[in-house]
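**Student:** One structure, as C-alpha cells, below. Some questions next.
The values are calculated or read from the model by the stated rules, or taken from the named source; none is laboratory data. Keep in mind that this is a model prediction, so the values were computed, not measured. Note that each Cβ is placed from the backbone with ideal geometry, even for glycine, and that neighbours are counted across all protein chains shown. Each accessible area value is taken on the protein alone, full model and side chains, heavy atoms only, with ligands, DNA and RNA left out. Shrake-Rupley method; radii C 1.70, N 1.55, O 1.52, S 1.80 Å.
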Amino acid sequence: AYQAYFMLGRVEEAGHQMDLARQAYEKSHRKLEDVRSHLGREELKIAFLKDKLSVYEGLVVASLALDSGPQGSAKAFEYIEQAKSRSLADLISFRSASLETRDTNRPQTMQQVHELRQKLNWVYHQIELEELNPGARSQERIARLREQGRDFEEALMKACTQAQSVDSELIGLQNATGTVTAQRVQESLPEDTAMVEYYMARNRFYACVITRSAIRMFELTDAGQVREELRLLQLQIAKFR
C-alpha cells in the first residue's frame, strides 16, 4: 500500500497536481510508519526501510510547492528531521553488532545475531532466485526455503531479544521515536542566532534557515553543480599539500 500511494504521488507530481501529490505522499508516509511500528522484529526493519527516504523527499518537495512561506517551510523542515532521524535510527540498528558495550556477555550474543542475519539474507536471496526463474523453479524447494527462513527469523528474534536484554543503552537508541517540532527547535535558539540546515531532495539542494521568529526554506542548486564546485575546491587545496 505504501508503494502504491508513493507511485500515485509521483504520477500526480508529474502532472503538476501538487495538492493531490502531497495527499498521496502523506498516505504513503502513514502506511510506511504503520508497517514499521508493527514489525515485530527490529532486526528486519533495516531491510524493509531501505531506500524508503524517497517518501520524505516527496513530502518536502510537495510541501514547498504548495506553500513557500513560513508554514510550508516549517512543515517541510519537520519532514526533513523525520527523514534524518529515521536514517540514524536504522543505521544504529543495523550497526548494533559493532557497537562497544561494557557487558561481557554481549559480544557472543551479537556474533550469533550476525551469523543468523547472514543465513537469513542467504535464504531470502535463494527464494528470489527461485521465483525469478519460472522455467526451473520448484514449488517444493521454495516452500522448504520459506520454512527455513521462518526458522531463522524466529531464532534471530530470540537472539536479538537476548542481546537487547543485556544492553539497556542499545534499547534506548533503537526504541527512540518521534522528532521535535519546528516550534521547539525555534524556542531553543537564542535571539541573535540563525541555524542553517541543508537537505538534498530529487538531486536538488535546499537550505533551511531557522531563527526564533521565522523558518524559511530556499532551493539552492542542482547537486551536480555542488559536486563540481567541491571538486574544484579540493583540487586547489591539493596544490598546497
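**Student:** State, to one decimal in nm, how far the label point of Lys84 lies from the label point of Glu191, with both points 7 Å from Cα in the Cβ direction.
**Tutor:** 2.7
**Student:** Pop out the ³J(HN,Hα) list for segment 113-118 in order, Karplus 6.51 cos²θ - 1.76 cosθ + 1.60 with θ = phi - 60°, rounded to Hz; leave Gly and Pro as x.
**Tutor:** My calculation for segment 113-118 gives 4, 4, 5, 5, 4, 4 Hz in order.
**Student:** Full-extension gain between Trp122 and Arg141, please, as 0.36 nm times their residue separation minus the C-alpha to C-alpha distance.
**Tutor:** Values: separation 19, 0.36 × 19 = 6.84 nm, distance 1.43 nm.
Result for the pair: 5.4 nm of gain on full extension.
**Student:** Let me ask another. How would Leu59, Leu66 rank on accessible area, largest to smallest, probe 1.4 Å? Write out the running numbers ahead of the final one.
**Tutor:** Numbers: Leu59 0, Leu66 75 Å².
So the residues, ranked largest to smallest area, are Leu66, Leu59.
**Student:** Also: Per residue of segment 188-194, what does 6.51 cos²θ - 1.76 cosθ + 1.60 with θ = phi - 60° give for ³J(HN,Hα)? Whole Hz please, x for Gly and Pro, Karplus curve as stated.
**Tutor:** Rounded to whole hertz, the list is 7, 8, x, 4, 9, 10, 10.
**Student:** Note down the nm distance, to one decimal, between modelled labels 7 Å out along Cα→Cβ at Leu220 and at Ala4.
**Tutor:** The two pseudo-label positions are separated by 3.9 nm.
**Student:** OK, next. Once amide H atoms are built 1.01 Å from N in the peptide plane, which residues 5 or more positions from Ala201, or in another chain, come under 5 Å H to H?
**Tutor:** Tyr206
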